[in-house]
Structures are given as structure tokens and as C-alpha cells.
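**Q** Sharing a structure, written as C-alpha cells. Questions coming.
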Amino acid sequence: METTPTASFVEGAEITYVCGIDIGSQSCSGCITRPNKSVVVKPTTFANAREGWNRWEERLSSLDAAPSQIVIGMEATSRYHENLYHELEQRGYQMRLLHPGQMHHFHQQRGLRAKTDRLDAMTIARALLSGEARVGYIPGEQVATYRELVRLHTQLSEEAARYENQIQALVVVLFPEFTQVFADPCGQTALAVLQAYPHAQAVAEAGPEAVYQVLRAVPAPHFGHPTAHQLMALAKESVSSGRVLSGRGRSLQILCDQLQHTQANLSRLEQELEELITTDPGTRGLQQMPELGPKTIAVLRAELGEVDRFACTDQAVAYAGMDIKIKESGLWKGKAKLSKRGSGLLRQMLYLAALRSISLQGSAFGAYYQHLVARGLEKMSALMAVMRKMVVVATHLMQTGEDYDPGKVWVEATSS
């Protein structure tokens, strides 16, 4: 989450009251103070539902101030805050979304040992009053859509990888010879066979014709009778111990089914992301960069957000956690490192894109990398420099809508 200081709550507006709301899945706790820190409404619990919202809004409406003169702060707590946040925002209140980490730090700074919802509400209000709180960035509809799809795609990809690892581990004990026929036991045809016959004994008992019918049901014409007979021969001579066949076989079938469903959902998400990118004018320049695939472009749009809010590209680099952090104390000087703030997913995709650029013929970023290494920079440091360059170029393209020009990345990219 990006944050910005709240030195003044609302430019040009007089603030009469400050409200802190601690959000929970079922209930919330809110308090109201004046700018001089005097408490107007002590921490009060209300339901995180329409009835509770109305009760709290009645409290706010009874104050001698217009909604524009009331600042309301709340933590970004999972998704529990979203509906109430936008409800109050639509009613004209000045909303401030705060990062839970900074609220925890503020709580510790004040030396508070107890931590309750009521205390948290007061902590939020006092953090706003201190002027030191940093307000979270709320993405627009399009960026929020990117984020939902990208993050779910990443989650499902990780789940698919776990299923694949478990399937491969089970195949090793249930039918070790299976990979002599199917190098990848998680391929479409291999999964179909394993779902029907999850161990060597099941294949041997089924017979070649039954296995052939399973093979033919999958659109893979190069698998036929020879493959069925080969599987049959290997199954009859399998070194599998045959232990726990029932339990392990059922586990393998379920894992294969889960993997297939996850792969299907991943395909749907990828299609939606590609359609989103195609209809998004902000990605035109990014699509012209050969180093970036659809997933990387989607992650850039999702995690960098609306780049117009960056006054300069250095801010985008810092937001991506690609800026340098240096620690020094007296004569001791620590090693310069990346700050690694912000989205780890963004840095992961940038790293893969930078690696791709090194071996990509004609890549301007690859030429830049080779130049840095030739000058004596360590390979990893050069790779980090390429990642920073990618953030700068991507931010510039999204801000200006210009076409991608490799010559602006590295001048020697177009001189050959």
C-alpha cells in the first residue's frame, strides 16, 4: 500500500472532528475527537452491517459540522473495511485509509500494553491528529480489477505447483515406471490415465483396451495402442510395493482432479487478463516491449497502480521497493541493499523479465545489462539496475502514452 503524509487533513477545509474506526468482520468500534484531542464520543461498538452503519452515521450527523469537515480514519483490514469506507465516502466524509503496520508502530510508540478494538479506534484518531500518519492509496476500478485477477492468478499458480509436487511424489510409490511413458505425469493425458487407474496394479488389472479408451478420450492423437501396451507391460513388472494402495490411489485421483480444475481456472483468468490488457490504453507501450509478457504487464498495472500520482519516476522505483537502503552508524557502514518495500510479486516479475532480457536477442535492456557488466559491475547488481530501468520505462510509458523506443533505454540498442 502506498502512503502519503497527512500534514493537513483537507487542503482549504476546516476540520471540526476526527473519527477513528477499528474494523472487524462482524463489528466495529468508533470514537470521535476534536482537533484539540478532546474526546466527544468515547469508543463505541457497532455492527459491521447496514444497521450498525446507520447507528454510527446518526452519531456523525448529530455533530455540528458538515461531512466535509469530519475526517474518518480506518485501517486496511483485509476487505472488511471496503463497504463501510465507500459508504461514508459517498456521504461526503473525508476518508483516510491507514496501514495496519503503522498503526501497530504508533501503538508501540505510545507505550500501550493493552490492545483492544476500543483502544485501536482511539489510536487511529490520535494517529490522524498527530499529523504523522500516512494515508493509504485507494486504486481506481480498473487497477482494482487488475489486482484481483493478478493476485488470484498468483495464488492459483502456487496451488497448482503444490498439486503437481504431490502428484509426482505419489506416482513415485504407486507406479514408478509411469514416467518412462509420460515424462510429465501432470500433462493432460497423463492426468486422465492416473485419474482412471491411479496405480500400477489398477493398470495391470484394467487391460490394454481399457487403457487405450482413456488415451483416446483425450485430444492427443500420438497416444494409442502402443502406449497402452507399454503401460501394461510396465505395470505388470512394476517395483511398486503395493502398500496403502487404496488411500494413496484415492489421494492421487483427488489431486489430479484438483489440478485440472485449477488449471482450467488459471486459463480463464489468463483470458480475462489478456482481454483487460487489450482494452486498456495504458498498456499500449508496455505491449511493445518484447521483454514483457501478458502476466508481467498485468502485474505492472496492478501493483504500480495509477502512475499519474508519481511526481517523478524515482517515486515509482521506491514504491516498487527497488530503491537503495543504506545503514550507517559512526565509522560502521552497512552494505547497500534494496529497500524491498511494496509488492514482492512486482519485484519477482521484474526479476524474471530482467533475466529474460539477457538472453533475448536485440533487447535494449539486455544490451544495458551487458554494458554494466563490461564496466565491472557485479552481475546481480547489474540485474537490479535493469529492473529499476524497467520500472522507470514502464512508468514513463503509462504516464505519457508514448510508443516504446528501445533507443531511450540504451542508446546502443538502435546503433547496431
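**Q** Tell me the Kirkwood hydrodynamic radius of the stretch 180-228 in angstroms, computed as one over the mean inverse distance between distinct C-alpha pairs. Let's see the in-between values first.
**A** Numbers: mean 1/r = 0.0932 Å⁻¹.
It works out to 10.7 Å.
**Q** If you don't mind, there's one more thing I want to ask. Which of the listed residues, GLN288, CYS19, ALA316, is farthest toward the dipole's positive end in the chain, when Lys, Arg count +1 and Asp, Glu count -1 at the beta-carbon?
**A** The listed residue farthest towards the positive side: CYS19.
**Q** Next up: Using only DSSP helix segments of four residues or longer, with each worth -39500 (n - 2.57), what per-residue ellipticity at 222 nm results for the chain after dividing by its residue count and rounding to 500? List each step's numbers first, then the result.
**A** Details: 17 runs with 225 residues, N = 416.
Using -39500 (n - 2.57) per qualifying helix, the result is -17000 deg cm²/dmol.
**Q** If you bin every alpha carbon distance in the chain into 20 Å steps from zero, what whole percent lands in each bin?
**A** Pairs per bin, as whole percents: 21, 36, 33, 9, 0.
**Q** How large is the accessible surface per residue of the stretch 231-281, computed with a 1.4 Å probe and reported in Å² as a whole number? Don't skip to the end; give the middle numbers.
**A** Working: 3090 Å² over 51 residues.
On a per-residue basis, 61 Å².
**Q** Can you pull a Stokes-Einstein diffusion coefficient for the stretch 195-252 at 37 °C (0.692 mPa s), Rh from Kirkwood over Cα pairs, as a whole number of µm²/s? Spell out each step's value before the answer.
**A** Values: Rh = 11.9 Å.
Here the translational diffusion coefficient equals 277 µm²/s.
**Q** Please give the helix 294-304 orientation as an angle from the longest Cα principal axis of the chain, in degrees from 0 to 90, rounded to the nearest 10.
**A** So the helix axis and the longest Cα principal axis differ by about 20 degrees.
**Q** Calculate how steeply helix 364-374 sits against the longest principal axis of the alpha-carbon atoms of the chain, using the helix alpha-carbon long axis, and give the answer as 0 to 90 degrees to the nearest 10.
**A** 90
**Q** Still on this structure: Work out, step by step, the length gained on full extension between ARG216 and LEU355: first 0.36 nm times the residue separation, then minus their alpha carbon distance; give nm to one decimal. Kindly include the intermediate steps, with their values, before the conclusion.
**A** Numbers: separation 139, 0.36 × 139 = 50.04 nm, distance 3.99 nm.
So the chain would gain 46.1 nm between ARG216 and LEU355.
**Q** When the accessible area of the stretch 226-369 is split by element with a 1.4 Å probe, what percent falls to carbon and sulfur? Write out the running numbers ahead of the final one.
**A** Numbers: 4000 of 7780 Å².
On the stretch 226-369, the fraction of accessible area on carbon and sulfur atoms equals 51 percent.
**Q** For every other residue with a beta carbon closer than 11 angstrom to the beta carbon of GLN288, add +1 if it is Lys or Arg and -1 if Asp or Glu, then tell me the sum.
**A** Working: positive: ARG284; negative: GLU291, GLU402, ASP403, ASP405.
Taking every other residue near GLN288 into account, the sum is -3.
The values are calculated or read from the model by the stated rules, or taken from the named source; none is laboratory data. A quick note: this is a predicted structure, and the numbers were derived from the prediction, not measured. Counting neighbours? That spans all protein chains shown, and the Cβs are built from the backbone with ideal geometry, glycine included. Heavy atoms of the whole protein, side chains included, go into the accessibility calculation; ligands, DNA and RNA do not. Shrake-Rupley method; radii C 1.70, N 1.55, O 1.52, S 1.80 Å.
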